[in-house]
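Working notes, beginning with the structure itself.
The values are calculated or read from the model by the stated rules, or taken from the named source; none is laboratory data. Quantities reported herein were computed from a predicted structural model and do not represent experimental measurements. Cβ: placed from backbone, ideal geometry, glycine included. Neighbour counts: every protein chain shown.
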Amino acid sequence: MEVELKEVEEALKGVLLPELKRSIWALNMVRDIEAAENLVKVTLSLNPLSDKVREFVQESVRAAIEKLPGVNEVTIELVELSPQELNEFGRVVAVMSGKGGVGKSLVAALLAIALARQGCQVGILDADITGPSIPRMFGLKARPSGSEGGILPVVTRSGIEVMSTNLLLPHEDQAVIWRGPLLSKMITQFWQDVVWGKLDYLLVDLPPGTADVPLTVMKSLPVSGVIIVFTPQELTVMVVRKTVHMVHMLDIPIVGVVENMSYLQESGRRIELFGRSKGEEMAAEAEAPLLGQLPVDPALAALCDDGEIESYNSEAFSALSIAFTQAVATLARSHQHSH
């Protein structure tokens, strides 16, 4: 009886990496499958794994395939590929702001959660090297694993892959005091040396401003679109204009804008803490839709402090999720037409 390739595929999808909770299939480590009569040959690229994990994976692959009906013999061939050769991204979306303190990382985290809840495979590349807050919101304490052949990201409870300098530092409250070129190099490494595997979306949380680090990211990563985050203060409006100008100069589409700290909801009243909303104005400035207005929400702040952001729900977040998904779908369509 012939062995079905589909069955072999399904079996391999069940082979998980011990600490990552992701399968070798999702990480794109299965490079080829051949099945002839009772023989199955699988080609794997496992060089980012430590020797111990590599052996464990090979044994698991062998065991999973041998269980299939009609299989008498399994051969495994290993090929060496760089992380970049293993990575496949559907969309790379950068989240940026003109100045710090507007909650850009928070918005990046919420957008990732919105996509993950729809069943997408999502990663967050935390490029805000000097102020990395993503791991904290997700309650991540594990360190990235890997070998000379590549680094494996850390996975959140709901399956979002995360790579951040905070995960590499001995203490999360350590300051990173580096100059621009070094920071840019670090981000390029997060892009080139991390095994993200197959992702529908990679969200890049950029450092604030329009200086060399955001510029490097936008130039060296295939960014398909940008989300701009701001707050209602007058000062940030001016700063957003600069950001919009930079993105337009680089000829990258703006997917939409998000107004954070837009208001405070208190016993049914909507209090505009930082002045009236500038949402519509900024959307017009960016020639992009206003995806949402997020309130100052003490419940959300508490969840972030406790590393429980993935359990957040609110009306404003639901509305943002829907608008963001639609905007990203439009981006995907226009992307297909342009290729």
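Residues in the stretch 242-252: is at least one modelled with pLDDT of 85 or more and of a type in the set (K, R)?
Scanning the stretch 242-252, I find at least one residue that is modelled with pLDDT of 85 or more and of a type in the set (K, R), so the answer is yes.
Looking at L206, is it assigned by TED's automatic domain parsing to the domain that holds Q189 and either over 18 Å from R91 (Cα atoms) or surrounded by fewer than 21 Cβ atoms within 10 Å (Cβ to Cβ) (or both)?
no
Name the pairs: first residue in the stretch 269-287 and assigned by TED's automatic domain parsing to the domain that holds G225, second residue of a type in the set (S, T, N, Q), Cβ to Cβ under 6 Å, at least 6 apart or on different chains?
Pairs that qualify, where the first residue is assigned by TED's automatic domain parsing to the domain that holds G225 and the partner is of a type in the set (S, T, N, Q), are F274/T231; F274/Q233; S277/S262; G279/Q293.
All but one of (1) part of a loop (DSSP other than H, G, I, E, B); (2) surrounded by 14 or more Cβ atoms within 10 Å (Cβ to Cβ); (3) modelled with pLDDT of 90 or more hold for F56; state the number of the condition that does not hold.
(1)
Hand me the list of strands (runs of 3 or more DSSP E) wholly inside the stretch 60-148 holding 3 or more residues that are crowded, with 19+ Cβ neighbours inside 10 Å.
Working: elements: 73-78, 88-96, 122-126, 145-147.
The strands (runs of 3 or more DSSP E) meeting that bar are 88-96, 122-126.
Working only within the stretch 287-316, note down all residues that are under 22 Å from V240 (Cα atoms), touching a Leu at 6+ places or on another chain (Cβ under 7 Å) and buried (at least 20 other Cβ atoms within 10 Å of the Cβ).
Answer for the stretch 287-316, where residues must be under 22 Å from V240 (Cα atoms), touching a Leu at 6+ places or on another chain (Cβ under 7 Å) and buried (at least 20 other Cβ atoms within 10 Å of the Cβ): L291, G292, L294, P295.
Going through L115, L111 one at a time, which residue ends up being in contact with a helix residue (DSSP H, G or I) (Cβ under 6 Å, 6 or more places away or on another chain), assigned by TED's automatic domain parsing to the domain that holds A323 and touching a residue at least 60 places away in the same chain (Cβ under 8 Å)?
Details: L115 fails: in contact with a helix residue (DSSP H, G or I) (Cβ under 6 Å, 6 or more places away or on another chain).
After ruling out the rest, the residue left standing is L111.
Which residues, taken from the stretch 63-87, are at pLDDT 95 or above and charged (D, E, K, R)?
Matches in the stretch 63-87: E77 only.
Out of (1) under 30 Å from D297 (Cα atoms); (2) outside the structural domain of P214 (by TED's automatic domain parsing), what's the single condition that is false for L68?
(1)
Does A319 qualify as being within 21 Å of the chain's Cα centre (by Cα), assigned to a helix (DSSP H, G or I) and closer than 21 Å to A108 by Cβ? Step through it out loud before you land on a result.
Working: within 21 Å of the chain's Cα centre (by Cα): yes; assigned to a helix (DSSP H, G or I): yes; closer than 21 Å to A108 by Cβ: yes.
For A319, the condition - within 21 Å of the chain's Cα centre (by Cα), assigned to a helix (DSSP H, G or I) and closer than 21 Å to A108 by Cβ - is met.
Could you list, in sequence order, all residues of the stretch 248-296 that are among the acidic types (D, E) and in a loop (DSSP other than H, G, I, E, B)?
Correct list: D251, E272, E287.
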